[in-house]
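Presented below is the structure to which this report refers.
The values are calculated or read from the model by the stated rules, or taken from the named source; none is laboratory data. Computed from a predicted structure; not experimentally measured. Here Cβ is always computed from backbone atoms with ideal geometry, including for glycine, and neighbour counts include all displayed protein chains.
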Amino acid sequence: MKTRPESLLLLIKLVTLHSLLVLSASQDFDFFYFVQQWPGSYCDTKHGCCYPSTGKPASDFGIHGLWPNRNDGSYPSNCDSGHPFDASKISDLLSQMKSNWPTLSCPSNDGLTFWGHEWDKHGTCSESVLNQHGYFSTALNLKTKINILQALENAGIKPNGSQYSLSSIKEAVKGASGYTPWIECNNDSSGNSQLYQIYLCVGSSGSGFIECPVFPTGRCGNSVEFPVF
Ligand SMILES: *[C@@H]1O[C@H](CO)[C@@H](O)[C@H](O)[C@H]1NC(C)=O
Ligand SMILES: *[C@@H]1O[C@H](CO)[C@@H](O)[C@H](O)[C@H]1NC(C)=O
């Protein structure tokens, strides 16, 4: 039988559409980065920070996000514009969000913009595993499993403006969590490397920490400042 070019083209289109649909419905990530940030290092930069409208956050690490990532180091983003952030779905979590996931962006605001960005950019890429409420409650729950500030302080690493070795910071977090963290630094306004974010990896179901399949890139100085907040 001779196939007419038009029907062949239609067939190709249908097969392509089908594989796209299958891909988008299945899980397109392998694990999560659970990222916590030190507010002192966010604020101690050229751009500075603004405290949320609810007041100065606690002197503690705050959640930045729970980011789906792939084992090859790449990550999906902005996966479902059809399910934008809806604050009414997490009304029962808002008081925990304010204390554990504070925004520091300017101008001062209540945090909904930050949380909405995290959901729209990252959370929509793990919807096959966690719906919006599950995404935020999972991150809040992960924070209760490891007290990073306590782990550092127990190792004599205090947010008092002193410099600490990168290896001592990693060891302290590994000792308390059982898993090797990734440390991200930023620069203060005079160019000193400082402890900015701590990454731990989480299995794709969101239920617990795992060893990281791959680490982000970038590096801290060997000695990093832990600024006061
Ligand atoms: C910060 O705390 C550490 C650990 O207790 C201590 O060794 C260091 O001298 C302190 N630095 C400042 C500037 O107080
Ligand atoms: C910090 O400054 C150094 C050079 O002083 C630069 O190489 C590095 O990229 C900066 N890091 C960040 C996170 O901006």
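Key figures for this structure:
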| item | result |
| --- | --- |
| Residue among 191, 178, 203 that is over 24 Å from residue 140 (Cα atoms) and either among the small types (Gly, Ala, Ser) or touching a Lys or Arg at 6+ places or on another chain (Cβ under 7 Å) (or both) | 191 |
| Counted residues, the stretch 192-211 - those being under 18 Å from residue 63 (Cβ atoms) and either assigned to a loop (DSSP other than H, G, I, E, B) or hydroxyl-bearing (Ser, Thr, Tyr) (or both) | 5 |
| Some residue of the stretch 142-165 being over 24 Å from residue 69 (Cα atoms), over 16 Å from the mean Cα position of the chain (by Cα), in contact (Cβ under 8 Å) with a residue 12 or more places away in the chain and within 16 Å of ligand 2 (Cβ to nearest atom) | yes |
| Selection status of residue 105, surrounded by fewer than 20 Cβ atoms within 10 Å (Cβ to Cβ) and either under 28 Å from residue 54 (Cα atoms) or within 16 Å of ligand 1 (Cβ to nearest atom) (or both) | yes |
| Qualifying residue in the stretch 186-202 (condition: of a type in the set (Gly, Ala, Ser) and either away from ligand 2 (no atom under 16 Å from the Cβ) or closer than 22 Å to residue 100 by Cβ (or both)) | no |
| Count of residues meeting criterion [more than 22 Å from residue 147 (Cα to Cα) and either crowded, with 20+ Cβ neighbours inside 10 Å or not small (Gly, Ala, Ser) (or both)] in the stretch 69-93 | 16 |
| Qualifying residue in the stretch 150-160 (condition: buried (at least 19 other Cβ atoms within 10 Å of the Cβ), more than 16 Å from ligand 1 (Cβ to nearest atom), modelled with pLDDT of 95 or more and under 18 Å from residue 34 (Cα atoms)) | no |
| All positions within the stretch 108-126 that are assigned to a helix (DSSP H, G or I) and touching a Cys at 6+ places or on another chain (Cβ under 6 Å) | 124, 125 |
| Number of positions in the stretch 146-172 that are in contact with a strand residue (DSSP E or B) (Cβ under 7 Å, 6 or more places away or on another chain) and of a type in the set (D, E, K, R) | 1 |
| Residue match in the stretch 125-136 (condition: touching a residue at least 60 places away in the same chain (Cβ under 8 Å), among the hydroxyl-bearing types (Ser, Thr, Tyr), away from ligand 2 (no atom under 16 Å from the Cβ) and surrounded by fewer than 20 Cβ atoms within 10 Å (Cβ to Cβ)) | yes |
